[in-house]
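To start, the structure under review is shown below, and the notes come after it.
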Amino acid sequence: IEISEPDKGISDAFNKGVSLASGEHVMFLNSGDVLLSPEYLKEAETVMSFNPEISFVHSDLLYDDRISGDIRLTALQPFFFRAPPLGRGMPYHHQSMIVRKNVFDKTGLFNLRYKISMDFDWVCRLHIQGLSGYYWNKEPVVKMDGGGISAVKEHLVIWESLRALKENQLLSIKNMYGISVRTLFFLARQTMETLGMSEILGTLKKKKHNLLWQRSRALAIRQNYTEIKTRNEHIFPTNAPLNWALSSQKRIGLNGLLIHDYPTGLSRYSYELIHRILTHLKGNTVAYSTSPELNMQFPNSTTNSVPPFHYPANFRSNSVRLSWEQLGLRYACYKDKLDLIYSPIAEGILFPQLPQIITVHDLLPFHYPSLLPRWVPYYEYFLPAVIKGSTAVVCISEFTRQEVLERYPKIKEEKLKVIHGGVDTKRFRPCSPGVIRKHYDLKEYLLCVGEVRPYKNMENIFRALELWPDGPQLAISGKITGEQKTKLDNLAHSLKIENRIIWLGYVPDNLLPNLYSEATAFIFPSLYEGFGLPIIEAMACGCPTISSNRASLPEIGGDAAHFF
């Protein structure tokens, strides 16, 4: 339908278009503008149909500049779910925006008092409502006429933009700074034109906008993979980051720096998850590990031992590993041309230049600062910055997710996704009896598995054994410090149960399922766990499980465990 009739200016014409539109979406093109990409209309409709939280889609456009020729104009900061810096100008080009019609019920129509910057005033109200958009990061969709009133009367554009910020109560220091910089650039351009330096000005403008486009593209890649759905799949699925990589054949980097030969829970989790990802991605990955021996076990992958030179003996220490992640891993992402870097632990690159996913298991240092004093500053200051720069954050349990939201209230809730840990049921399954009791000379025994630390609550289990004088032995598998072992040995001696305590130390992976299967019951008395992997390992082996009711353990054990 074409309608041509008198109006009271651009604002009035836009408002008539909104009122006459019969569909669900609205797009505004001025008389001299040309639509270059009709498929953009279908793409935008698809994105908004499957993502009700998105209020508009926007993209780049070609600007027919009277000095420089065609210039690619990009969004100043095409963030998803993030407020743009309004003082610098239009964060979106209205010519490339496709907007839900019902958005105008929240923002109101265009203000007739603005002759040029009516779109900027409307975007200010869009910002106030907290409405979010999606950046279509492909070719420019519109060619914009560079001879319009906004180009001819740029000084009035700046003045009306300042008025719009003031009337919408957005005249902050940051936006005032943006307006000031914008004014200085305008004056500089006017001066150069007056001095006959138009050719130099045109070259500078092209270089400036090319740099802006490259920067915006990197930001869009990092931000836009957050839960945007299309007709057939999620571009970045809510609970399955792997599907995005599988479907689009992206090149993925996997941070395996924590994996070592005698694995703790985090190390085991990292190894198993990376092993599974490499199996499914079929060679389209780079896994970074400090253990050449473990690299040989990774299938279908290119594995890099890091650093790529002989590393000192203390490389596996936390401080050295964290330093390498900021320097070496950042460089490796560039060198190996990665599309995404995934870390199965709560570590990552600050201000990454590509999409990054990390996994937060718990916030243990805040609960036991004396136990992990060196980690408190990291979790207090460093981790929230890493989370902020990450595209998505996997939380190992709903308990951990809630802890992260409470501890870091500025983190956006939609960024945190709960993906529970799993167990390899091909390995962890009921086993034939006799192997463990013969190997370790054990009789009937209760079992505790995991690194023995103060919060593991072993003292109360020892005291419970004292109340059960005819009960079974207690077999303990896991790493323990000399100080902690001495303390528990002394307690066992005072309770007269030392003959019933069996310290197994590190049990090889191939014997662990037998250890669970032959136990009378598995005891997990921990006072704090982000997940509690041994619980589901024991259950998979058919071992009755008794657990404390603290932290995440009721969530993980559910109605299949007994709690105390």
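A few notes on this one:
- In segment 319-417 the Cα-Cα distances spread across 5 Å bins starting at 0 as 2, 13, 24, 25, 18, 12, 5, 1, 0 percent of all pairs.
- Counting Lys and Arg as +1 and Asp and Glu as -1 over every other residue whose Cβ lies under 9 Å from the Cβ of Leu61, the net charge comes to 0.
- If you take all other residues with their beta carbon under 15 Å from the beta carbon of Arg427, and give Lys and Arg +1 and Asp and Glu -1, the sum is 0.
- Net charge of the neighbourhood of Pro6, taken over other residues with C-beta under 14 Å away and scored Lys/Arg +1, Asp/Glu -1, is -1.
- Spin-label model, Met197/Lys106: points 7 Å from Cα along the beta carbon direction are separated by 4.5 nm.
- Unit charges on C-beta of K, R, D, E only; dipole of segment 435-563, Debye: 260 debye
- Annotation: peptides 457-466, 409-418, ranked by per-residue average of other Cβ atoms within 10 Å with the highest first, follow the order 457-466, 409-418.
- Distance-filtered residues of segment 385-401 - backbone nitrogen under 15 Å, label point 7 angstrom along Lys415 Cα→Cβ: 385-395, 401
- One equal scatterer on each Cα of segment 435-563, no solvent, Debye formula: the resulting log10 I(q)/I(0) at q = 0.16, 0.17, 0.20 Å⁻¹ is -0.77, -0.88, -1.24.
- Extension gain from Ala560 to Leu184, taking 0.36 nm per residue of separation minus the Cα-Cα distance: 128.6 nm
- Backbone phi angles across segment 519-526, fed through the Karplus curve with coefficients 6.51, -1.76 and 1.60 (θ = phi - 60°), yield HN-Hα couplings of 6, 5, 7, 9, 10, 10, x, 4 Hz in residue order; Gly and Pro are listed as x.
Read-outs throughout are calculated quantities, based only on the coordinates presented, and are distinct from any laboratory measurement. No experiment lies behind these values; they were computed from the predicted model shown. All Cβ positions, glycine included, derive from the backbone under ideal geometry; neighbour counts span all protein chains shown.
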